[in-house]
Every structure is written in structure tokens, then in C-alpha cells.
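Colleague: My structure is below; once you've seen it, I'll send some questions.
The values are calculated or read from the model by the stated rules, or taken from the named source; none is laboratory data. Owing to the predicted nature of the structure, the values given are computational and were not obtained by experimental measurement. Cβ placement follows ideal geometry from the backbone for every residue including glycine, while neighbour counts extend to all protein chains displayed.
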Amino acid sequence: MNPKHLRAVTKPLADASLIVAALRTLIRRLGTWFPWRLLSSRYYRVGVVGESMTPSLHAGDYLLLRRGTTTGGEAPGTLVTIRDATGRPLLKRIVGLPGESLRVGTEIHINGFPLIEPYVSGETPQTQFRGVNRLREDEYFLVGDNRSASTDSRDFGSIHHDRIEGIALFRYWPPERFGRLHTAPRQFGDPSVEEPNISLSSISQ
């Protein structure tokens with residue numbers, strides 16, 4: 001075979017190999033990039049800082065959250081994220097739903113019934129006793145599980161659903177607490193139990 005013809009045949013083959021290799025690299029990169037871009041548009045990760053949600057969550061836990069606010073069908077007990085006035089993210093539990101009346105003292109009473117909360121630690125300081133005659137449409141009352149160490153709706157009042165940025169779904173770290181974050185079923189105690197003594201001056205709308 002003519003050496004010139006051999007070079008002419010070899011060069012297209014070499015070019016084709018480079019193209020195939022480049023395509024393989026591109027596919028591999030897209031394979032990892034596209035799924036994450038699609039997932040990150042709907043989900044995001046957060047690390048827990050502080051003790052306001054103990055014993056349910058601990059500092060150093062890492063969670064997967066779904067972006068977006070509630071749709072009106074989120075169950076009470078759902079863990080959600082909002083931001084305070086300074087822009088700091090807060091992770092809290094939905095306790096009060098639109099249309100409900102609340103009295104928050106050593107216990108939380110909803111529409112006159114004491115809420116049973118096995119996930120709670122600590123006690124609400126008297127300075128955080130609050131009352132809500134009725135939550136407006138699309139308003140929620142959020143509270144941290146550690147009642148003695150949480151800044152929440154007892155301090156800044158109920159929040160509109162538009163302020164909810166994400167719904168906590170899953171804890172992926174540490175391994176020993178790996179798993180889905182289940183919403184605690186809502187249970188109420190005897191309505192005859194005395195409600196917290198809250199003055200009208202502390203009641204917010």
C-alpha cells in the first residue's frame with residue numbers, strides 16, 4: 001500500500017477515536033451533572049445547628065428537604081424551614097393549622113384540647129406563653145421540639161405559608177440515625193385538663 005494512502009486512512013481513524021473519547025467523557029459528565037441539577041431544583045440539603053429541635057434532631061444531623069412551601073395538605077407535625085428577620089434559616093415543627101385557636105403554656109392546647117407531644121423536651125418559659133384566637137387562612141404556628149431553647153412562633157408569631165422554604169423529608173447522616181423523618185400522628189388529651197392561664201394582652205391574631 002502506498003504510504004501516502006496509509007497516512008490518509010489512519011488520520012480519519014485517529015480523529016474518530018478522539019471524537020468517541022470526547023463523547024464518552026461528555027456523557028459521563030452529563031450523566032452526573034444532569035440528574036443532580038434536576039434534583040437540586042427540587043431538593044436541597046441542610047445541616048442541623050443548635051439544640052432547638054432535640055431530641056428529634058441533633059446538631060450535626062444532615063437532612064434532605066423538598067423545596068417549596070406547604071400546599072395546604074401538609075400534616076401537622078411536619079418539619080419545615082423558614083427564615084427569621086435576619087435571614088437566618090430556622091427548622092421548626094408545624095403545630096397550629098389555619099383556622100385553629102391555640103393556647104401555648106406548659107402544654108399546647110388546640111381548640112381547647114391539650115396536644116400530646118411525645119417528641120418534646122424542656123418546658124416553655126412563662127415569658128413565651130402565647131395565645132392565638134384563630135389562625136388566619138394560610139397561617140401556621142411553628143414551634144421547636146426543645147421548648148426551653150427555641151425561637152419560634154411563640155416569639156415572632158404565626159407565619160404565612162409563603163415563608164416556608166422547605167419540607168424536611170429524610171436524615172442521611174449520621175448513619176445510626178439514617179432514615180425518613182416521619183410526621184408524628186396528632187393526638188389530644190382530655191379537654192377537661194386546665195388550659196394555661198394566658199391574659200388577653202398576650203393573645204395575638
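Colleague: When you look at Thr106, is it part of a loop (DSSP other than H, G, I, E, B), in contact with a strand residue (DSSP E or B) (Cβ under 7 Å, 6 or more places away or on another chain), assigned by TED's automatic domain parsing to the domain that holds Phe188 and of a type in the set (Ser, Thr, Tyr), yes or no?
Modeller: No, not satisfied.
Colleague: Kindly indicate which of Thr70, Thr81 is modelled with pLDDT of 90 or more, hydroxyl-bearing (Ser, Thr, Tyr) and in contact with a strand residue (DSSP E or B) (Cβ under 8 Å, 6 or more places away or on another chain).
Modeller: After applying the criteria, what remains is Thr81.
Colleague: Condition check: of a type outside the set (Lys, Arg) and under 22 Å from Tyr44 (Cα atoms). Does Leu102 satisfy that?
Modeller: No, not satisfied.
Colleague: When only residues in the stretch 118-129 that are touching a Pro at 6+ places or on another chain (Cβ under 9 Å) and closer than 16 Å to Glu51 by Cβ count, which is surrounded by the fewest Cβ atoms within 10 Å (Cβ to Cβ)?
Modeller: The qualifying residue surrounded by the fewest Cβ atoms within 10 Å (Cβ to Cβ) is Tyr119.
Colleague: Among what's in the stretch 177-197 and is within 15 Å of Thr78 (Cα to Cα) and at pLDDT below 80, pick the residue that is surrounded by the fewest Cβ atoms within 10 Å (Cβ to Cβ).
Modeller: Top of the filtered list is Pro185.
Colleague: Specify which of the listed residues (Val95, Val80, Val132) is in contact with a Phe, Trp or Tyr (Cβ under 6 Å, 6 or more places away or on another chain), crowded, with 20+ Cβ neighbours inside 10 Å, at negative phi and not acidic (Asp, Glu).
Modeller: Of Val95, Val80, Val132, the one residue that is in contact with a Phe, Trp or Tyr (Cβ under 6 Å, 6 or more places away or on another chain), crowded, with 20+ Cβ neighbours inside 10 Å, at negative phi and not acidic (Asp, Glu) is Val95.
Colleague: Still on this model: What strands (runs of 3 or more DSSP E) lie completely within the stretch 110-158 and have 3 or more residues being closer than 21 Å to Thr69 by Cα?
Modeller: Of the strands (runs of 3 or more DSSP E) lying wholly inside the stretch 110-158, those with at least 3 residues that are closer than 21 Å to Thr69 by Cα span 139-143.
Colleague: Then there is this: If the requirement is being farther than 21 Å from Ser52 by Cβ and at pLDDT below 95, which of these qualifies: Asp155, Asp138?
Modeller: Criteria check complete, one pass: Asp138.
Colleague: Scan the stretch 71-123 for residues that are within 15 Å of the chain's Cα centre (by Cα), of a type in the set (Val, Ile, Thr) and under 20 Å from Thr151 (Cα atoms) and jot them down.
Modeller: Thr78, Val80, Thr81, Ile82, Ile94, Val95
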